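These notes concern the structure reproduced below.
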Amino acid sequence: MSAFALYQTFSSEGPPSAKKPSLQVVSKKKKKKENGVAVSKISTFKAQVRPEKKKRKKSSQRQESLKGTAEEQQQQEDEECGDGEALDALLADLAKVNNSRERASKLFQWLINPIPIKAFFRETWEKKPILVQRRNPDFYKGLFSTAEFDRVLREEDVQYGVNLDVTSYTNGKRETHNPPGRALPFTVWDFYERGCSLRMLNPQAFSSTVWNVLSILQEQFGSMAGANVYLTPPGTQGFAPHYDDIEAFVVQLEGKKHWRFSFWVFSPANFDQADIGKPILEVVLEAGDLLYFPRGFIHQGDCLPDAHSLHITISSYQKNSWGDLLEKVVPAALEIAMEEDVEFRQGLPLDYLTFMGIQNSDKDDTRRSKFLSRIETLMKKLVDYAPVDAAVDQKAKDFLHDCLPPVLTPEELASSVKGAPVRWERGRVMDVGGCITPQTQVRLLRAGCARLCSDGEGVHLYYTTDNSRVYHKEELKSFEINPEHTEAVEFLIHSYPTFVTVGSFPCDSAGDKVVLAELLFERGIIHTAELL
């Protein structure tokens, strides 16, 4: 049976209700023992990666039943994309995909196989944890490894507290053991041998593969995709029970790890074991498995006595809630309302301190009701002054600053400014190359690599192509766009992934079109269809 058919079998039971995710992600009626740990069978998908073709063709009736609607057929095709394929080969195939959004979708489908993307975002995203068991320890091979961990320690400038944390959790006590300075193998592996867990922060700064994966996935989420790598010795635990403000994808790379989940809460904190009670979900993750859980679930992971654990947690959607957007909308709306509406500038009642505030909250006073009614009226009026688009642009700027720079495909490199062959050789400049003309075909380097935003005084183009692999190492990149060029930049952004001629830019003159194209090319924001 195909992985997609297995998914359909499990999903036919119907998803748990989203109203009380912390109480409905697991049924306690049927459990099995795995290494002495009770493991829930609900919200678990057992994926048989790349089943034999003979088995897949065994029954024409089964094939017919899997056809279904056009959407189901597309889901099945998506599910098979990259299923069991070596990561380096998959990334090479994705480099040939013409659209970066499609590239992101295909890579995310590989990450969560056999769950179709539409079903995942409809039934699971932000609602409940889910476990994918693959029985294929090599499914994620090539993403990261303990050998890579060791290489990074030996070859890179890894700093304690910045790039690496050494932690332990023993007898209910969480400790961090970071000495100052560079993390060298001699000391790091000694910590590990003594039972400490190692957490590598921002592995994308040291691993080109992790960088590539995250830079692609960030377009799937419309939010920064980050990662940490965790290496834990057998029979130990590195972190106290806690919860996070991210959507987490735990990718088990080596060994295995036992995870427990408890009730749902809403902001990061550590807990005592006695505080969290009995787990609502308990699973063991083995190499090749995936565990997703939404922000807010208390979780803890510990190693079983017979194996170490190496996993990478891919995260996204941090500070990407309605509340985070409103934090930008409301202050700006208040500023506008106070400038334009006299009601917001009228003074508070002379005696409001005598009936409002905590010390007066239990008073039965009609003035309190009148005061609260006025607040409600003003809050409703505030909507009329809310600069929502401007606030969204502020969020977009944050996202662009958070983004990793794109990993260029060979074709993109050759056709962009970063791959230009110009150089100094034999006492002169060589291979200066051709010039951009109205006939040159261009497009954005990535769908989400640039965005137009206004600060009220001018229009700036913000872009990611010069970002650092280290989080916020560089300031957000931008430059001002001439007013007569804004329509042309919008045209370019909305045309992606189609190449358009420079001559088709909606600018006033042919000279303006070429000048704008040269500016964007020199900044690495666009590339050409043919080599210059």
Within the stretch 229-238, track down each residue that is of a type outside the set (A, V, I, L, M) and closer than 15 Å to ILE312 by Cβ. TYR230, THR232, GLY238
Yes or no: GLU484 surrounded by fewer than 13 Cβ atoms within 10 Å (Cβ to Cβ) and among the acidic types (Asp, Glu)? no
Select from the stretch 337-356 the residues that are in a helix (DSSP H, G or I) and either open to solvent by 50 Å² or more (accessible area, probe 1.4 Å) or not assigned by the TED database to the domain that holds ARG368 (or both) and list them in ascending order. MET338, GLU339, GLU340, VAL342, GLU343, ARG345, TYR352, LEU353, THR354
Hits in the stretch 489-532 (condition: open to solvent by less than 50 Å² (accessible area, probe 1.4 Å), without any contact (Cβ under 8 Å) to a residue 60 or more places away in the chain and in contact with an Asp or Glu (Cβ under 7 Å, 6 or more places away or on another chain)): PRO506, CYS507, ASP512
Being under 16 Å from LEU231 (Cα atoms) and in a helix (DSSP H, G or I) is the requirement here; does PHE149 meet it? yes
Take the conditions within 27 Å of LEU94 (Cα to Cα), among the small types (Gly, Ala, Ser), out of contact with any Pro (no Cβ under 6 Å at 6 or more places or on another chain) and outside any helix (DSSP H, G or I) and apply them to GLY434. Does it pass? no
Would you mind finding the one in LEU291, LEU304, LEU310, LEU285 that is over 10 Å from PRO241 (Cα atoms), in a loop (DSSP other than H, G, I, E, B) and at pLDDT 85 or above? LEU304
Taking SER478 as meeting all but one of (1) out of contact with any Cys (no Cβ under 6 Å at 6 or more places or on another chain); (2) closer than 17 Å to THR409 by Cα, write down the number of the exception. (2)
For residues that are closer than 27 Å to LEU326 by Cα and loosely packed, with under 14 Cβ neighbours inside 10 Å, tally how many sit in the stretch 362-373. 4
Filter the stretch 404-434 for residues that are touching a residue at least 24 places away in the same chain (Cβ under 8 Å) and in contact with an Asp or Glu (Cβ under 9 Å, 6 or more places away or on another chain); which is most open to solvent (accessible area, probe 1.4 Å)? LYS418
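The values are calculated or read from the model by the stated rules, or taken from the named source; none is laboratory data. Fair warning: this is a prediction, and the values are worked out from it, not measured in the lab. FYI the Cβ positions are ideal-geometry reconstructions off the backbone, even for glycines, and counts take in every protein chain you see. The area values use the complete protein model at the heavy-atom level, side chains included, leaving out ligands, DNA and RNA. Shrake-Rupley method; radii C 1.70, N 1.55, O 1.52, S 1.80 Å.
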